[in-house]
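As structure tokens, the structure follows; a few thoughts come after it.
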Amino acid sequence: MFKRMAVISLLSLSISGCASVQMSSEQASNLAKSFNKPGQGQAGIYIYRKKSIGGGSLKKDVWIDGKCIGETAPGVFFYEEVAGDASHTISTESEFSPNELVLATVSGENYFIKQYIKIGVFVGGANLEQVDEETGRKEIMELGMATKGQCSEQ
């Protein structure tokens, strides 16, 4: 039974349809990709989802400290400035309940959080992981910036 459910989940993740979300202008995306230092007393958080075959039809919400950042789809990123020298909770919609990552920020620094889709029991779930700056910058350069603020209720 478990094997059958795992196969069904895997197949549902590999369906070739791709989700799409509303995108920011190319100018705004390019500005965010300059990776400037955040404003005085602020830290920058990049949240992104790489292009992938599995889970392409799934959109997943992301929040910072309970505030909607937006819906992710393959190949998109968000940039948000938050209070520096503070702790922040980044959450993503998943199969049964949000998955969270707590991030301690330092003023003037940028942070990179990758969202990835994982196999679920009924539908694909999502999770978050912090990546180093070099990896985050490289991967974001291949993505477009999504428009903020379109989430379902948390």
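Please tell me if SER52 is surrounded by 15 or more Cβ atoms within 10 Å (Cβ to Cβ), under 18 Å from VAL21 (Cβ atoms), modelled with pLDDT under 90 and of a type in the set (Gly, Ala, Ser). No, not satisfied. Number of residues in the range 94-121 that are in contact (Cβ under 8 Å) with a residue 60 or more places away in the chain and either on the phi > 0 side of the Ramachandran plot or in a loop (DSSP other than H, G, I, E, B) (or both) equals 7.
Out of all the residues in the range 75-108, which are loosely packed, with under 13 Cβ neighbours inside 10 Å, polar (S, T, N, Q) and modelled with pLDDT under 95? SER97, the sole residue that qualifies.
Scanning the range 62-116 for residues that are of a type in the set (A, V, I, L, M), touching an Asp or Glu at 6+ places or on another chain (Cβ under 8 Å) and farther than 22 Å from LYS50 by Cβ returns VAL82, VAL106.
Considering only residues in the range 21-48 that are modelled with pLDDT of 95 or more and assigned to a strand (DSSP E or B), the one that is surrounded by the fewest Cβ atoms within 10 Å (Cβ to Cβ) turns out to be GLN42. Does any residue of the range 129-142 turn out to be assigned to a loop (DSSP other than H, G, I, E, B) and modelled with pLDDT under 95? Checked against the condition, which is being assigned to a loop (DSSP other than H, G, I, E, B) and modelled with pLDDT under 95, the range 129-142 yields no hits at all. For the range 26-55, how many residues meet the condition of being closer than 23 Å to SER107 by Cα and free of Cβ contacts under 8 Å to residues at least 24 places away in the same chain? Within the range 26-55, residues that are closer than 23 Å to SER107 by Cα and free of Cβ contacts under 8 Å to residues at least 24 places away in the same chain number 4.
For the range 117-130, the set of residues classified as surrounded by fewer than 18 Cβ atoms within 10 Å (Cβ to Cβ) and closer than 18 Å to TYR46 by Cβ consists of ASN127, GLU129, GLN130, listed by residue number.
The values are calculated or read from the model by the stated rules, or taken from the named source; none is laboratory data. Fair warning: this is a prediction, and the values are worked out from it, not measured in the lab. Methodologically, a virtual Cβ is constructed for each residue, glycine included, from the backbone with ideal geometry; neighbour enumeration extends over all protein chains shown.
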